[in-house]
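The values are calculated or read from the model by the stated rules, or taken from the named source; none is laboratory data. The model shown is predicted, which means the values in this text are computed figures rather than measured ones. Ideal geometry is used to build each Cβ from the backbone, glycine not excepted, and the neighbour counts take in all protein chains shown.
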C-alpha cells in the first residue's frame with residue numbers, strides 16, 4: 001500500500017491536507033447544520049438501541065463494499081474489502097455534502113485513485129449498480145402499493161424480483177443492436193453507456209442482485225426501527241416512510257437531501273398514522289432526527305478516513 005511507501009515529505013503533505021479537510025468539515029457542519037442539532041437525537045434513543053442502529057448502518061456499508069468487490073472482481077483485479085470500504089464511506093460523504101447528486105462523481109475518481117481503474121470501466125459499473133438500487137426500491141414501493149389488494153402475495157413478488165435482473169443477460173445483445181440503430185436518441189446513448197457494465201455471467205448477476213436486496217433490506221429495517229423508536233408507530237407502519245425517504249435520496253436535490261428527505265419521510269409517517277392528532281410536529285421531528293442520524297454516520301466515517309490519508313491507496317494498478 002502506498003501509505004507505507006510514500007516519501008516522508010509526500011506523506012506529511014498528505015497528512016496536512018487531510019487535517020485541514022477534517023477541520024473544514026467540522027466548521028462546515030457547525031455553520032451549516034450545527035453540531036447541537038446534529039447530535040440532539042442521541043438523547044431520544046436508549047444507548048443499546050443506538051448501538052444496534054449504528055452497527056446496522058455500518059453493516060450496510062460493508063454489504064455495499066462487498067457488492068462492489070464482487071461486481072468489479074476479475075482474474076486481473078482483486079478488490080480487498082477494506083479498500084472498497086474506504087471508497088464507499090467517502091462517496092457517501094460527498095453525495096451527502098454536494099447538491100444534485102454530484103457527489104456520485106467521486107466514485108470513478110476514487111476507483112481510479114485506489115485501484116487505477118479507468119473511467120470507461122468504473123462509470124458504466126456505477127450506472128449498473130445504481131440501476132440495481134433503483135430497481136430494488138421501485139419494487140419495494142410497488143409491493144407496498146399492492147399489499148392492500150393481494151396481501152402476503154406481495155412478498156412472493158419481492159422474491160421473484162430478485163431474479164428479474166437475470167433477464168439483462170438475454171437482453172444485452174438485443175439492446176446493443178437496437179442502440180446501434182438509434183444511436184442519435186438520448187435514451188439510446190444512455191443505454192449504450194450502461195450495456196458494457198452488465199455482467200455476462202448468471203452467477204455474478206444473481207450474486208449482485210441478492211446483495212442489493214440484502215443491503216436495502218438492512219437499511220430499510222434500520223430506518224423503520226429508528227423511526228418507530230421516536231414515534232408512536234410500529235415498525236410495520238414506518239416501513240413505507242423509510243422507503244419513501246430512500247427514494248427521495250436518489251433524486252437530485254440540496255446538499256444532504258435536506259427538505260426532500262424530511263418531506264418524504266414525514267409524508268410516509270402521516271399516511272401511516274391512525275392518530276391524526278399526534279401526527280404533527282412529532283412526525284416532522286422524527287423525520288429530521290432520522291436524517292441527522294444518517295448524516296452523522298456519514299460525516300463521522302469520512303472524518304475518520306480523513307485522519308488516515310493514503311492508508312487505502314494502492315501503489316500499483318492491476
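Checked against the criterion of being more than 20 Å from residue 218 (Cα to Cα) and in contact with a strand residue (DSSP E or B) (Cβ under 9 Å, 6 or more places away or on another chain), the candidates 111, 117 yield just one match: 117.
Going by the conditions given, is residue 275 farther than 22 Å from residue 101 by Cβ, modelled with pLDDT under 80 and surrounded by fewer than 17 Cβ atoms within 10 Å (Cβ to Cβ)? Spelling it out, residue 275 is indeed farther than 22 Å from residue 101 by Cβ, modelled with pLDDT under 80 and surrounded by fewer than 17 Cβ atoms within 10 Å (Cβ to Cβ). Do you know which residues across segment 81-118 are within 18 Å of residue 260 (Cα to Cα) and not in a helix (DSSP H, G or I)? Residues satisfying the conditions are 98, 99, 100, 101.
Looking at (1) in contact (Cβ under 8 Å) with a residue 40 or more places away in the chain; (2) under 14 Å from the mean Cα position of the chain (by Cα), find the lone condition where residue 121 falls short. Unmet condition: (2).
Restricting attention to segment 278-318, the residues that are farther than 17 Å from residue 110 by Cα, modelled with pLDDT under 60 and touching a helix residue (DSSP H, G or I) at 6+ places or on another chain (Cβ under 6 Å) total 1.
If you check 160, 208 for being touching a helix residue (DSSP H, G or I) at 6+ places or on another chain (Cβ under 6 Å) and at pLDDT 90 or above, only one passes: 208.
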